[in-house]
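Inspection log for the structure reproduced underneath, given as structure tokens.
The values are calculated or read from the model by the stated rules, or taken from the named source; none is laboratory data. None of these values were measured; they are calculated from a predicted model. Cβ coordinates were reconstructed from backbone atoms using ideal geometry, including for glycine residues, and neighbour counts include every protein chain displayed.
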Amino acid sequence: MKLFRIRGGVHPQEHKQLSAHKAIEVMPMPELLRIPLQQHIGSPAVPVVRKGDSVLKGQLLAHAQGMISAPVHAPTSGRIIAIGKHIAPHPSGLPVRTITLKADGNDRWIDLPGPVDPFTLDANEISERVAAAGIVGMGGASFPSAVKLNLGKRFSLHTLVINGAECEPYLTCDDRLMREHATEILDGVRIMMRALGVAHCLFAIESNKAQAHEAISKAAGNHNGIRTVKVPVRYPMGSEKHLVQTLTGEETPARALTADIGVVVHNVATAFAVHEAVRFHLPLISRVVTVSGGAIKHPRNLRVAVGTPVRELLAHCGGFREEPARLLSGGPMMGQPIINTGIPVVKGSNAVLALTAAETATHPAMPCIRCGSCVKACPCGLVPVEISARTRHGDLQGAADLGLMDCISCGSCAYVCPSHLPLVQYFNYAKGELTARQRAEHKQKETKRLAEQRAERIAREKKAKREAMMRRRQAARKRTKSEKAGANV
Amino acid sequence: MSHTPLFSAPHAHQATSIRRTMWLVILALLPATVYGLYLFGWPALNLFVVTVASALLAEAFSLRLAGKAVKPFLFDGSALLTGWLLALTLPPWAPWWIGVVGALLAIVIGKQVFGGIGQNLFNPAMVARVALLISFPLEMTTFLTPLPMFSANAPSFVEGLAISFSQGINLDAVSSASLLGHVKTELGQGHLLPDVLTSVYDLKTLLSGNTPGSLGETSALLILVGGLLLLFLRIISWHIPLAMLGTLAMMATFFHWLDPAHYPDAVYHLFSGAAMLGAFFIATDLVTSPVTARGQLLFGAGCGLLVYIIRTWAAYPEGVAFAVLLMNATTPLIDHYLKPRIYGRRRDGSPLQHRNRLSEGGGT
């Protein structure tokens, strides 16, 4: 199949050999699970259980709220011992609302309805089941999947792209899932094609995963419409818009969705979860996580219950070989630092990495020498050197004018920078600050608008009152006049 | 782990640094440098050492004066490279103080006054070279026929010290014009090219560098090897060298075709003077050249054009330094106007058109 070139990108060292040969292993259930109510983009879920309740595995703990949200379910049977704030899987370490579940060790399921044939369901029924199972994008973005499966209603779609690129170094969870569960994944893919109403699917796998490619090709063999494609190994190939461009040659317009060019992208792990949810009514309560990095004693791929503290994963992998320089949730290119190992694994966690100082290759930042490496590396056609210069000098509007908001924070620029400038840090700061300013501006405008409305309303009421009074007076005058006239008769 | 500072992604980094970049450039310059020092003997070595040492001292002094940490900046290799490049563009037997003054001009005026590494608008080595050329035209244009080290007529170490460090040595006996200078003079006197060139012009000589010229500029072949190494290591991209040499060659070919008696051909222009060194090592200076590929093409083409114009119609026989400085001045402008197209947008910045929306509104 003809592929199209994307601009920029980098070739970080892969390090996938650390865990690629390790089969997925089911991690033993921990005693305590911390299940955040917000594991997705959108509104947090609303608890339907109370402290002290006993719950069964798969039981609904909190329901979705609003258009973009996802419910959460109990990963095992046990007792709810707290609903309160707990440190979130987020670099700020700020607490979020979390349900704490004490496992009873029985791991007893709720009664599940019998399996159904997904191909007897219509698009709405499929997306309803996906929504009810709490499935979110498992490549890391955590966007509620049902919303993406409904895009067929608003856009005319032609292709589903399955993202098996796994372009982040170290990560092998998707690779293992494709090797070990190809049939299930493809079932999920077909279900999603049905929900979206598309006849074509491109299953993209980076060419460094030969076995996964083989497994998927074999499983897809008898189904026309699904095509497995080897895409070149280049970061950020897994970026939705860049993957679609590689496959179709079409560029997603700025500030639009890939659906605008007729394509919807889902991750392989999401496809697997859709298969389990739609066919067997299984909610999303566990996921595969790669635990790797030079500082990990025994790198592994683990199937982990959502809510398992990171600390337990590390212990299960033999702890540290040496004190890690960085402990991360996610890959080295876009992952977040873990500041407390008490944080739980959530639906979007694909890896826990402990990197040594040699692996991170961090150096103190030097001045920019305008070498242009970042310009060459940027997959979005931005000029990071200029944007960072403006950000550093506080000219955020200038940075925005240069396309700051089109930055996908992939980190390619910072990866190649010979001066080791924390470019992504600048950009994230600038984006946050700009958004905050816009929000403040919006708030100010709204306040002004409301105040003006209020003043107008008060004036209107006053006027109405005055007029009413006038009318009454006139009426009274008329009455007295007519009474007088009557008296005269 | 609770006191770990917040690090933003990415948490891995390519094995690259300013120091590595600078040292690789120096490595690429090594063949031409060693050959140049061999060709012009002890006085050249003296000048080279004095220039580089002065550059480092000037850098250390400026850093201290500016209150910056001396160590990380002094050893980033940038001052060393500036001094090195400057030395390569000097007449090989120039007196020691030419090297000292040049290094001071380059580092203090050309670089540190602007704020140090990465901040300068103009290529420091070329600032120094042009300032020297204008201030000391005699010393800066006294070239000589190579007298390779240890050869019969070459000065001994002691004689070399005398040439570099004491006054009154008469260089007239050995001095000889560079090819560009010679041709310019002869053409100025009304002679025609075919007569002028027969005696001095030989591609083999230009490639090997066994010809009068600046310390490290004479061997086009060795400079080309170094340049290709930089390309291979991706320290520089092909855009500037190709655009510069290509434009120079096209201009030369065109005018040579118009009037072969007055305009030398492309080979003459490409392989003489500082064209090769300029194209691969000077115009490609990261700090002072544009950051985008299209900008670099324009920048390189501008350099090539100006080199040809200055060599052909201006008062100086060589124009690489002037050309690069003039184009350095345009770098901010080029970077302002020639940007890559942003993903999902047209060149003017407006988003590409949507096509697949079923109904208007409700989009994100």
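As for region A:383-395, it holds no residue that is closer than 26 Å to B:Phe75 by Cβ and not in a helix (DSSP H, G or I).
Among the candidates B:Thr288, B:Thr247, B:Thr292, B:Thr253, the residue that is in contact (Cβ under 8 Å) with a residue 12 or more places away in the chain, of a type in the set (S, T, N, Q) and more than 30 Å from A:Gly381 (Cβ to Cβ) is uniquely B:Thr253. Within region A:354-379, the set of residues being outside any loop (DSSP other than H, G, I, E, B), among the aliphatic types (A, V, I, L, M) and either at the interface with chain B (Cβ under 7 Å from one of its Cβ atoms) or within 25 Å of A:Leu404 (Cα to Cα) (or both) comprises A:Leu355, A:Val375, A:Ala377. Among the criteria (1) closer than 23 Å to A:Ala210 by Cβ; (2) at pLDDT below 95; (3) within 14 Å of chain B (Cβ to nearest Cβ), the one A:Thr228 does not fulfil is (3).
Here the condition is being within 21 Å of B:Ala28 (Cβ to Cβ), under 20 Å from the mean Cα position of the chain (by Cα), more than 8 Å from every other protein chain (Cβ to nearest Cβ) and at pLDDT 95 or above; of B:Gly295, B:Gly273, B:Gly300, it holds for B:Gly300 alone. Taking the criterion of being buried (at least 20 other Cβ atoms within 10 Å of the Cβ), part of a helix (DSSP H, G or I) and out of contact with any Asp or Glu (no Cβ under 7 Å at 6 or more places or on another chain), the residues of region B:242-269 that qualify are B:Ala243, B:Met244, B:Leu245, B:Thr247, B:Leu248, B:Met251, B:Tyr268, B:His269. Which of the residues spanning region A:414-432 are assigned to a helix (DSSP H, G or I), more than 8 Å from chain B (Cβ to nearest Cβ) and either in contact (Cβ under 8 Å) with a residue 40 or more places away in the chain or on the phi > 0 side of the Ramachandran plot (or both)? Matches in region A:414-432: A:Leu423, A:Phe427, A:Ala430.
Scanning region A:284-298 for residues that are surrounded by fewer than 24 Cβ atoms within 10 Å (Cβ to Cβ) and in contact with a Ser or Thr (Cβ under 6 Å, 6 or more places away or on another chain) yields A:Gly294, A:Ala295. If the condition is being more than 20 Å from the chain's Cα centre (by Cα), of a type in the set (A, V, I, L, M, F, W, C) and surrounded by 24 or more Cβ atoms within 10 Å (Cβ to Cβ), then region A:403-415 contributes A:Cys413, A:Ala414. Quick check on A:Ala354: is it over 30 Å from B:Asn328 (Cβ atoms) and aliphatic (A, V, I, L, M)? Against the criterion (over 30 Å from B:Asn328 (Cβ atoms) and aliphatic (A, V, I, L, M)), A:Ala354 qualifies. The residue that is surrounded by the fewest Cβ atoms within 10 Å (Cβ to Cβ), counting only those in region A:77-92 that are more than 18 Å from the chain's Cα centre (by Cα) and over 14 Å from A:Asp53 (Cβ atoms), is A:Gly84. Within region A:335-346, being among the aliphatic types (A, V, I, L, M), within 10 Å of chain B (Cβ to nearest Cβ) and surrounded by 23 or more Cβ atoms within 10 Å (Cβ to Cβ) holds for one residue alone: A:Ile338.
Each row is one residue, and each column tells you yes or no for (1) among the small types (Gly, Ala, Ser); (2) farther than 24 Å from A:Cys410 by Cβ; (3) modelled with pLDDT of 95 or more; (4) crowded, with 21+ Cβ neighbours inside 10 Å.
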| site | (1), (2), (3), (4) |
| --- | --- |
| A:Pro115 | no, yes, no, no |
| A:Leu121 | no, yes, no, no |
| A:Gly139 | yes, no, no, yes |
| A:Phe155 | no, yes, no, yes |
| A:Leu160 | no, no, yes, yes |
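Quick one: would you say B:Gly36 is more than 14 Å from chain A (Cβ to nearest Cβ), closer than 30 Å to B:Asn210 by Cβ, under 18 Å from the mean Cα position of the chain (by Cα) and assigned to a helix (DSSP H, G or I)? For B:Gly36, the condition - more than 14 Å from chain A (Cβ to nearest Cβ), closer than 30 Å to B:Asn210 by Cβ, under 18 Å from the mean Cα position of the chain (by Cα) and assigned to a helix (DSSP H, G or I) - is met. Would you point out the residue of region B:333-352, among those that are in a loop (DSSP other than H, G, I, E, B) and at the interface with another protein chain (Cβ under 7 Å from one of its Cβ atoms), that is farthest from A:Gly8 (Cα to Cα)? Only one residue fits best here, namely B:Leu352.
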